[in-house]
Each structure stands twice: as structure tokens, then as C-alpha cells.
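Report on one structure; see the data block that follows.
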Amino acid sequence: MQSSSDHEGSKLGMWLFLYTEIMLFGGLFVLYAVYYHKFTDDFIAGGQQLDTFFGTLNTVILLISSFAVAAAITAIQNNSKKIAIILLGSSLLCGFLFLINKYIEWSHKFEVGIYPNSEKLLESDPGLNIFFGLYYVITGLHGVHIIIGMALLVWSLVRVKSNHITDQNYVLLENAGLYWHLVDLIWIFIFPLFYLIL
Amino acid sequence: MTDVKSFFETPAPPKYSGILSWLITTDHKRIGILYLFSILGWFALAIIIGLLIRLELMFIGETIFSPEQYNALFTLHGVIMIFLFIIPAIPAIFGNFILPIQVGADDVFFPKINLLSWYLYMLGGLLAIISLFGDGPPDTGWTFYVPFSVSTNTNVSLTIAAAFILGFSSMLTAINFITTIHRLKASQMKWMRIPLFTWSLYATGWVQLLATPIIAITLLLVMFERWFNIGLFDPDRGGDPILYQHLFWMYSHPAVYIMILPGMGIISEIIPTFARKSIFGYKAIVFSSLMIAVAGSLVWAHHMYTSGMSDTAVFVFSLLTFIVAIPSAIKVFSWISTLYKGSIQMSPPLFYALCFIYLFSVGGLTGLVLGAAGPDIHVHDTAFVVAHFHFTMFGGTGFAFFAGLHYWWPKLFGRMYNFKTAYLSGVLITVGFMFHYVPMFIIGLQGMPRRYHDYLPQFEQGNYLAGYGAVIMVIGMFMMLINLLIGIKKGAVTDSNPWGGVTLEWQVPSPPPLHNFVSEPKIMDYPYDFSRFFKKNK
């Protein structure tokens with residue numbers, strides 16, 4: 001992407017790619033909508049077993065990290081490389097915290113016997129099985145996207161450090177930021193669907 | 001213009017030579033050639049598999065394959081033809097090679113991502129090969145319907161991973177093309193001056209972006225089901241198998257427009273060139289491409305009339321299906337009207353294009369039989385369906401691809417193939433095609449199911465005849481391919497514009513130099529203005 005000097009075009013390409021990501025998760029949200037319609041009561045019962053505290057915490061963490069990335073872009077535009085590195089580092093840290101929280105949450109669910117194909121889920125209502133099936137698939141796929149987003153941020157960080165990203169040429173950082181915001185935004189949809197409205 | 005070095009002689013990036021100059025190239029023309037040969041290889045393989053299927057079906061009972069082998073073969077034929085041939089063929093080969101030149105650009109917008117797409121394509125193909133070994137090739141059909149795709153013990157996961165990666169590759173190509181058209185078209189190249197082939201790829205790109213992620217997530221879900229047994233499509237555990245079919249066709253129906261739109265683009269280039277006449281209804285063709293892109297995304301459930309949807313859904317999707325036939329018909333009428341009172345010069349590309357119009361029309365009209373909810377119940381999952389989609393996919397996209405090969409071959413390699421052999425193979429393919437698929441329409445109406453290894457005695461005659469058609473057709477196709485390949489080495493050297501075309505690719509030398517344009521391209525107010533050509537010939 002750096003080979004071209006047309007930054008608008010590079011960003012256009014990134015937006016098109018983000019659009020495909022939205023469609024990817026859109027398919028899963030279709031599943032959610034259909035099954036919510038079919039098993040409303042089970043979905044509510046399942047949602048109450050999820051920990052709203054962890055969900056809220058992770059939402060706050062992601063919002064902060066998104067802010068940090070946006071601020072890092074402004075910092076680069078103002079030519080303050082050091083601040084940009086600190087900001088990128090802190091958004092990476094937020095990404096790690098998010099994954100750790102997710103790990104705690106998932107392993108707790110595993111301990112109480114809620115995981116795909118577990119005996120407890122097989123014995124309970126089918127709707128509950130679907131709810132937690134979707135929970136694992138959607139949050140799992142989102143987790144993978146967090147990791148990809150962090151990889152992009154690390155790459156941008158390295159490029160900032162090696163002075164490849166400057167106040168004249170920061171489209172890579174902007175695109176990584178766009179991706180990170182998207183991952184954040186998808187979480188903003190996942191959070192109410194699983195933790196809040198049920 | 002012969003003193004200009006062609007892209008074959010100028011590697012990009014310049015420091016590499018030999019095989020590396022191809023494997024690390026970022027030149028859109030070289031990548032197009034890489035695609036050309038890898039795709040043709042897969043195509044030849046899938047043709048042979050298809051021929052073997054037909055030979056098996058020529059006689060009642062087991063002829064050359066066991067039922068299990070037969071299931072694997074028709075799955076492979078479908079997977080290779082769809083994911084490795086028809087979807088990538090026209091965009092990846094001609095789109096890569098011709099599109100940047102048609103809009104007056106040096107290269108695509110993301111040259112490195114373009115190369116990455118090719119590697120993803122090769123990786124997908126490699127996985128498809130690996131899936132043949134171990135637990136054995138998949139036997140689900142290319143549709144991977146649950147619950148069978150989740151419960152069968154064959155290598156479905158690997159094949160699905162291959163399809164996933166190939167989808168990613170075609171998505172990246174689509175992003176590349178859309179960005180190229182938006183950002184790199186020459187400043188004089190206004191939207192209504194863009195050639196129709198490029199327009200069709202633009203519409204295709206959007207369908208790819210809209211639809212491919214849905215198949216990606218659907219295939220991922222099948223993999224998750226196989227690994228973790230979640231039960232999202234298992235009715236025993238609350239899942240809904242029909243939902244899988246919805247998700248699958250939400251991609252796979254728009255995908256048929258991914259396959260046919262670029263083919264229509266090729267025909268829209270060839271017809272005016274050989275009619276020496278401006279295309280009839282330029283704007284109508286542009287908008288019908290975009291309309292197909294939109295309407296084609298809303299008709300997916302017409303594959304599912306018998307799967308247990310509500311009657312309301314069947315009615316709505318049947319209606320939408322009829323609507324999507326309109327833009328396709330607009331194109332067919334426009335091509336015919338272009339030929340009317342044109343100064344027609346017969347040539348192999350035009351010959352294939354004319355066969356396209358006929359075969360595609362038959363395919364489209366029989367599609368209406370399937371799109372109407374009533375008759376579909378009768379012919380659903382019969383050989384009629386197989387004949388219908390081969391008329392559109394092969395008689396349509398396949399013939400458009402052949403036409404494109406013959407049209408742009410001199411541009412790609414700077415040499416011409418043998419005309420007589422090209423005509424002869426074209427006749428063989430078309431005649432074989434009719435012999436092959438028309439009997440399938442008839443036995444389909446009589447009730448011959450698709451994907452069956454064996455059949456009742458009343459279907460024997462039709463299946464037997466179809467086998468002969470298949471042999472003639474395959475001979476024709478290999479004759480055509482060999483003729484083209486011989487042309488690269490031994491054909492007569494051509495100048496930059498052997499056909500008298502007016503779009504930009506005919507202004508550059510054949511084969512084009514590394515940076516495509518020797519001088520600033522001259523962009524006309526209207527892309528199909530042949531008046532200049534006539535003045536020159538007076």
C-alpha cells in the first residue's frame with residue numbers, strides 16, 4: 001500500500017476492505033436475529049449468565065484504545081513521534097487487556113461446563129445451546145480480529161519508529177487505525193446483543 | 001512502434017530476471033499471464049473430470065467409477081470449475097491485463113496486493129489438491145449442504161479452506177479494480193467514457209465485495225461445526241439447516257453474476273468492434289450491469305423453493321427472479337441491435353460471441369422456467385437444472401471467455417493464431433455443446449435427477465447421446481487451446497490493432513510495453529466512436 005502516493009486511493013481500498021468485514025460479521029448477525037426470534041426466552045436466560053461487568057470493562061478498554069489510535073494519528077500529523085509511539089503502545093496494551101479479560105471470561109464459562117458440545121449444553125434447552133454457540137463463534141471471531149488489528153498496530157509502530165511513517169506519509173497508520181476502529185465498532189454491536197439487552 | 005520493448009522483455013521490478021521476474025513481479029500484465037496459465041491448467045483438468053462423469057453416465061450401472069468415486073468427481077468438477085476457473089477467469093486474466101490499459105493507467109492501484117491475490121489463488125489450488133489425499137476428496141457437491149457436509153468423513157474442511165482462500169483472493173482483486181477505476185483512470189476518462197468491459201468489472205467488483213464475505217463466514221461456520229460440533233445448523237440442537245442454505249445462496253446466487261457480468265463485458269467489446277458500429281444503448285448496458293449487480297443480490301432463495309420456505313418467500317423470490325431477467329435481456333437486445341445494419345466482419349472472436357448470444361439466451365430463458373415457482377417444483381434438482389446452468393455458465397461465461405481469448409490473444413502475445421482451426425474448434429465446441437446439453441433438458445423434464453450415479457432405463461438414450469456430445473466438445477476445446485498456444489510461438493506477428501478496435505488497449509503496441517502507453521493516450525468523447533476508423537480507411 002505504501003507504493004502509491006495517492007493516499008485517498010489507499011484509504012478507499014481500506015474502506016472497501018472494511019466493508020467486506022462488516023458483511024462477514026453481518027452474516028453472523030443474521031444468524032443471531034433469526035435464532036433470537038426463534039428462541040427469545042432462551043436467549044434472555046443465556047444473556048443473564050454472561051457477566052455484564054466484564055462486558056462493560058472490555059467496551060471501555062476498546063473505546064480508550066480507539067481514542068489512543070486516533071490521537072496517535074493527530075500526533076504524527078503534528079510531528080510528535082514520541083507521543084505517537086506512546087499512544088500506539090497504550091492502545092496495544094488495551095488490546096492485550098481486552099484479550100486477557102476475554103480469556104478469564106471464557107475459562108470461567110468452560111469451568112461451569114458451558115462450551116460447544118459440552119454435556120451441560122446438550123442437556124439444556126436447544127435455544128441455550130444456540131445462544132452459547134453463537135456467543136463463542138462471534139466473540140471468538142472478534143478476538144481473532146483483535147489479534148489481526150494488534151498486528152497491524154505493531155507494524156505501524158515499527159514503521160513510525162523507523163521514520164517511514166511521517167507527517168507527510170501516514171496513510172498506513174491511518175488504515176491500521178481504521179481497521180482498529182472497525183474492530184471496536186463491531187464490539188459495540190456485540191456488547192449490547194449479548195450482555196445488555198437480554 | 002516496433003522499437004518499443006514489450007513487457008515480456010522488461011521485468012518489473014527491474015532487478016530480477018528469469019523465473020523470479022515472474023514470481024516477484026508487480027506488473028499487472030505479467031500477473032495476468034500468470035493467471036492465464038494457472039487458470040487454463042485447472043480448466044483443462046476440470047474438463048477432463050467432466051468428460052469422465054459423462055462417460056460414466058453413458059451406460060446404466062457402474063461403468064468406470066464406483067458411486068463414491070463418482071460423488072467425489074462431480075464435487076471436484078464443480079469446485080474447480082466454479083472457484084478456480086469461472087469466478088477468477090475473466091477478471092483475473094483479462095481484467096488484470098486489459099482493465100488498467102482501458103482506463104489509461106500504468107498499473108492497478110495496489111500492484112503488490114495484486115500479486116498477493118495470485119499467490120492466494122495458487123495456495124487455494126494447492127489446498128484443493130491436498131484435499132484429494134488423506135481422507136479422500138470431498139463428496140458433498142460444490143454446495144457443501146449441511147448436515148452431510150458436517151457429518152461426512154472426507155476432506156471437506158480442507159476443500160472449504162481452499163474455497164475460503166480463493167474467495168479472499170477474488171475479493172482483493174475486486175478491491176483493486178474498484179480502487180483503480182476510481183483513482184487511476186485518466187483525467188479525460190469521464191465515467192460515461194469508460195469502455196463497457198471495464199464497466200462490467202466495476203459492477204462485478206461490487207458484487208464480489210457484497211457477497212464473498214457471506215460465503216466466507218458460511219464456510220467458516222461449516223468448519224467450526226466439523227471441529228467443535230456447535231450445532232448451529234443441527235435441528236436436534238436448535239439449529240436450522242435451511243438457514244445454511246440461505247447463507248450459502250446469499251453468496252452463491254450473486255456469484256453467478258460475478259461469473260456472467262465480465263463475460264457480458266467481453267461481448268460488449270467484441271460486437272461493436274466487428275460490426276464497425278457504435279454499440280447500441282451504451283448507457284443502457286452500463287445501467288443494466290449495475291442493475292444486475294443490485295437485483296442479482298436479492299434473488300438467492302429461488303434455489304430453495306423445495307426446501308421448506310414459506311409460500312410468501314417463494315412468491316417474493318420468484319417475482320424478484322423475473323425482474324433480474326430484464327437487465328440481461330436489455331443487453332442481449334442491445335448486442336443484436338448493434339449488429340443491425342453494421343458492417344460485419346466475421347472473425348473467430350465474433351464467431352464465439354455470436355454463439356454466446358444464442359446459448360446464453362437459451363440458458364436465460366430456461367432460467368425463467370426454473371425461476372417460476374410452479375414448474376420449478378417439477379424440475380428441481382433434475383438434469384434440467386444442470387443443462388440450464390451449463391447453458392448460462394459454459395454457453396455464457398465459457399464462450400465469452402473463449403471469445404475474449406481470441407479477441408485479446410494478439411494483444412497479449414503480439415501474435416495471431418490460425419483462423420481456420422479457431423473456426424473449426426468453435427464449430428466442434430458448439431455442436432458438441434448442443435448434443436451434450438439438449439438431451440439433458442429432455443431427460444430432466446422426464447425426471448432424471450442430477451448428481452445420480454445410476455438411473456432408470458428410460459433415461460438411457462438421453463444420457464448416451466450426451467456422452468457423444470461431451471466427447472466432441474472436449475476435442476473442440478483442446479483443439480482451440482492448442483491452436484492458441486501454437487499461435488504464441490508460430491503465429492503471424494500482428495500490429496497494435498489487428499481488429500480495428502477503438503478502445504485504448506488497441507492504441508498501445510502488442511504486446512504492450514512495461515508502462516502501457518508510449519505516448520499520452522488520446523481519450524475520445526465516446527468509447528465506441530468508429531468514425532475515425534472509417535476516415536483512415538477511405
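Each reported figure results from applying straightforward, stated rules to the coordinates on display, with no laboratory input. Everything numeric in this text was worked out from a predicted model, so none of it was measured. In this analysis, Cβ positions are derived from the backbone assuming ideal geometry, glycine residues included, and neighbour counts consider all displayed protein chains.
When B:Y417, A:Y19 are arranged by Cβ crowding within 10 Å, least crowded first, meaning fewest neighbours, the order is A:Y19, B:Y417. When a/c is below 1.5 the answer is rounded, else prolate if a/b is larger than b/c, else oblate, so apply that to the protein assembly as shown with a ≥ b ≥ c taken from the square roots of the Cα gyration tensor eigenvalues. Oblate, because a/c is 1.5 or more while a/b does not exceed b/c.
Quick one: helix B:383-392 against the long Cα principal axis of chain B, what's the angle to the nearest 10°, folded into 0 to 90? That works out to roughly 10 degrees. For B:T382, nonlocal amide neighbours, meaning residues 5 or more places apart or on other chains whose placed amide H falls under 5 Å from its own, are B:R450. Here the contact order of region B:152-249, divided by its residue count and restricted to Cα pairs under 8 Å and six or more residues apart, works out to 31 percent. Of the residues B:M192, B:M264, B:M480, B:M122, the one with the fewest other Cβ atoms within 10 Å heads the list, and the complete ranking is B:M192, B:M122, B:M480, B:M264. Between region B:243-299 and region B:372-418, the alpha-carbon centres lie 13 Å apart. Per-residue packing, averaged as other Cβ atoms within 10 Å, sorts the ranges B:248-261, A:30-43 into the order B:248-261, A:30-43, beginning with the highest.
Phi angles across region B:128-143 convert, under the Karplus curve 6.51 cos²θ - 1.76 cosθ + 1.60 with θ = phi - 60°, into 3J(HN,Hα) values of 4, 5, 4, 5, 6, 9, x, 6, x, x, x, 10, 9, x, 6, 7 Hz, Gly and Pro given as x. Taking amide H as placed 1.01 Å from N in the peptide plane, B:R415 has its amide H under 5 Å from the amide H of B:T494, each at least 5 places away in sequence or on another chain. Above 30 Å, the calculated P(r) of region B:20-537 contains 47 percent of its Cα-Cα pairs. Averaging Cα coordinates gives a centre for region B:432-482 and one for region A:162-177; these two points are 58 Å apart. 3J(HN,Hα) along region B:279-289: 5, 6, x, 3, 5, 4, 5, 4, 6, 5, 4 Hz, from the Karplus curve 6.51 cos²θ - 1.76 cosθ + 1.60 with θ = phi - 60°, whole Hz, x for Gly and Pro.
How high is the relative contact order of chain B, in percent, counting Cα pairs under 8 Å that sit 6 or more residues apart?
On the way: 895 pairs, mean separation 95.5, N = 538.
So the answer I get is 18 percent.
Against the main long axis of the alpha-carbon atoms of chain B, helix B:196-228 sits at an angle near 30°. Within chain A, how many Lys pairs sit with Cα atoms under 23 Å apart, leaving out pairs fewer than 8 places apart on the same chain? Lysine pairs, 8 or more places apart or on different chains, close enough: 7. When each of the peptides B:72-78, B:494-500 is scored by how many other beta carbons lie within 10 Å of its residues on average, the order from highest to lowest is B:72-78, B:494-500.
Under the criterion of Cα pairs below 8 Å and six or more residues apart, the relative contact order for chain A equals 34 percent.
Listed by chain and number, the aspartates and glutamates whose C-alpha is less than 12 Å from the C-alpha of B:K190, apart from same-chain residues fewer than 8 away, are B:D525. Couplings for region B:452-461, taken from phi via the Karplus curve 6.51 cos²θ - 1.76 cosθ + 1.60 with θ = phi - 60°, read 9, 7, 9, 8, 6, x, 5, 9, 5, 4 Hz in order; Gly and Pro are left as x.
Treating the angle as unsigned and between 0 and 90°, give the value, to the nearest 10°, between the Cα long axis of helix B:67-79 and the longest Cα principal axis of chain B. Once rounded, the angle reads 30 degrees. Shown here for region B:273-348: chymotrypsin sites (Phe, Trp or Tyr not before Pro) in loop regions (DSSP other than H, G, I, E, B) with at most 15 other Cβ atoms within 10 Å, namely B:Y340.
Taken residue by residue and averaged, Cβ atoms of other chains lying within 10 Å of the Cβ of B:228-241 number 6.
Bridgeable lysines around B:K5 (alpha carbons under 16 Å apart, same-chain partners fewer than 8 residues away excluded): B:K29, B:K411.
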